[in-house]
1. Hey, which of these cross-link pairs are over 19 Å Cα-Cα: K325/K413; K4/K267; K19/K132; K13/K350?
2. Between V20 and N80, take the C-beta separation as r, use R0 = 35 Å, and let me know the FRET efficiency to the nearest 0.05.
3. In degrees from 0 to 90, rounded to the nearest 10, what is the angle of the helix 372-389 Cα long axis to the longest principal axis of the chain?
4. When the Kirkwood hydrodynamic radius is evaluated over all pairs of different C-alpha atoms of the stretch 4-279, what value in angstrom, to one decimal, is obtained?
5. What's the extension gain from L449 to D483 if we count 0.36 nm per residue and subtract their Cα-Cα distance?
6. If I model a spin label at T370 and A357 as a point 7 Å from the Cα along the Cα→Cβ vector, what separation in nanometres do I get?
7. So what's the Cα pair-distance distribution over the stretch 336-472, bin width 5 Å, in %?
8. Compute the acute angle (0 to 90°) between the alpha-carbon long axis of helix 307-334 and the principal axis of greatest extent of the alpha-carbon atoms of the chain; round to the nearest 10°.
Amino acid sequence: MDFKVYNTMSKKKEVFKSKVPNKVGMYVCGVTAYDFSHLGHARATVAFDVLYRYLQHLGYEVTYVRNFTDVDDKIIRRANETGEDPLSLSDQYCKEYNVDMANLQCLSPTHEPRVSEHMEDIIDMITQIINKDLGYVVDDGDVFFAVDKFPNYGNLSGQRQENSRAGERVTVDSRKRNPSDFALWKAAKAGEPSWESPWGRGRPGWHIECSAMSAHYLSFRFDIHGGGLDLIFPHHENEIAQSCAACEESDVSYWMHNGHVTNNNEKMSKSLGNFFTIRQITERYHPLALRYFLINAHYRSPLNYSVLQLESASEAVFYIYQTLKDCEGECIKDGKQPQTPPGAGKCTEKLQSEFQAKMSDDLNTSLILTGAILDALKLINNLLTMLMKKKQQKQHRLSSIQSLIHVEQEVKKVLDVLGMLPFYSYAEVLQQLKDKALIRAGLTEDDVLHIIDERVEVRKNKDFLRSDQIRAELQQKGIALMDIGTETTWRPCVPLQQEPQVVAVGEQWFVKFFKVHICSREHDTLSM
């Protein structure tokens, strides 16, 4: 099945074909490192991590380049506020970003270049642009790109020159020949980091860095250039102009952009002050629940931040890993190589077919997580229930175990490509998910066990009204009790609907609302 991706340049889905057979060059614009990364950064990184994983799954050898901007006006301003060296401050937040992305199970790129490490490449490219008369130097040593000399400017974004604004990080400047011209090089100012150049000491403009670094690692001709929707204009539009000015053969086959994360339907960003950092969210929710939330929408669609969706994502991943843990235990006891029983074969064929169809359709991950994979998990739970009865004939029991192993392997393959297969044991993930649920509930494990003991006593006294009340009180806090025989255990769940409550996250406040969700039996009865 052909792999199709949406190309922002052509405004349509196109069959993916790499320039070099079996090899892919991919450049994705990274973060400007001056603070902890927020949810919008997580969405972009996770989206292109899924693309990276899927291309590898298809058999491509992928050279994945994702940069850090460590020289920038925002970094300098923050460093001046804190009294730090700009490069040291940026280095700190580059490392923090990588910690966050590792927690979200994003694979490391092949290369992670920084602007400060590629000044020679940047200066060389600016020199080429000036030599071709598409760039010009003003008196004090600033260098601008002459937009009106590049007739294809605006092809990516559809922005006409006469309608274009100065843009983010592009200063309105009377020295420009055209208001749309943008900075290639900025003359040094007191107290700012600077480097020697043919035009005097200074530092690069924002856009030139990505043109220079993508050319350094991938040449001027490569397959995929990615980033957030907000980068289409002016950043990516300017990149195209610079790269084509420096090399007429410059060509990117596919421009791919992920949608915004919104908060109350407004774009989430640091400049608007309506963002949550990844750290703030993962203090209360497991990173894998956050990853599930991010990929449970198509990467190009807007994604509205919702506590309810994070609660649902937490419940969903608990269900997945509890199912796989139970299955793993049963399969280990058997230890035989799996066959492919007919019932399991049909289930996994559906899973494989749906996975291939949805991923091939511009990485439609949202429909994968709510379709055949849930049928596969349900089959696993049904087989586990049958095995627990211990009344099957030996041959039927063997067939059930072989089905378990076969279905489990196919589920794990899908989860691996989605980046949802944990790096550690299912038991560890499940305990971490429970620990996060306790934090959200404002309880400790001992608190819950004490409440369970209390409920056991009232049930002995046949006070079933109080027993149900205790269960409901815990459900309001996101704790579901499960009565299994004479034992009572607990697991996280989506809290029962209750009055809106204001919750503090760091220095932010938001209101969360809960839906009604009844959990009365084991995890395999979970309503998905």
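The values are calculated or read from the model by the stated rules, or taken from the named source; none is laboratory data. In this text the structure is predicted, and so the values were computed from the model without any measurement. Methodologically, a virtual Cβ is constructed for each residue, glycine included, from the backbone with ideal geometry; neighbour enumeration extends over all protein chains shown. Surface areas here come from the heavy atoms of the whole protein model, side chains and all, with no ligands, DNA or RNA. Shrake-Rupley method; radii C 1.70, N 1.55, O 1.52, S 1.80 Å.
1. On the way: K325/K413 15 Å; K4/K267 27 Å; K19/K132 27 Å; K13/K350 25 Å.
Violating the 19 Å limit, Cα to Cα: K4/K267; K19/K132; K13/K350.
2. Numbers: r = 45 Å, r/R0 = 1.29.
Plugging the Cβ-Cβ distance into 1/(1 + (r/R0)^6) gives 0.20.
3. 30
4. On the way: mean 1/r = 0.0519 Å⁻¹.
Kirkwood hydrodynamic radius for the stretch 4-279: 19.3 Å.
5. Numbers: separation 34, 0.36 × 34 = 12.24 nm, distance 1.34 nm.
Full extension from L449 to D483 adds 10.9 nm.
6. Result for the modelled spin labels: 1.6 nm.
7. 2, 9, 13, 13, 12, 13, 13, 11, 10, 4, 1, 0
8. Taking Cα atoms only, the helix is inclined about 60 degrees.
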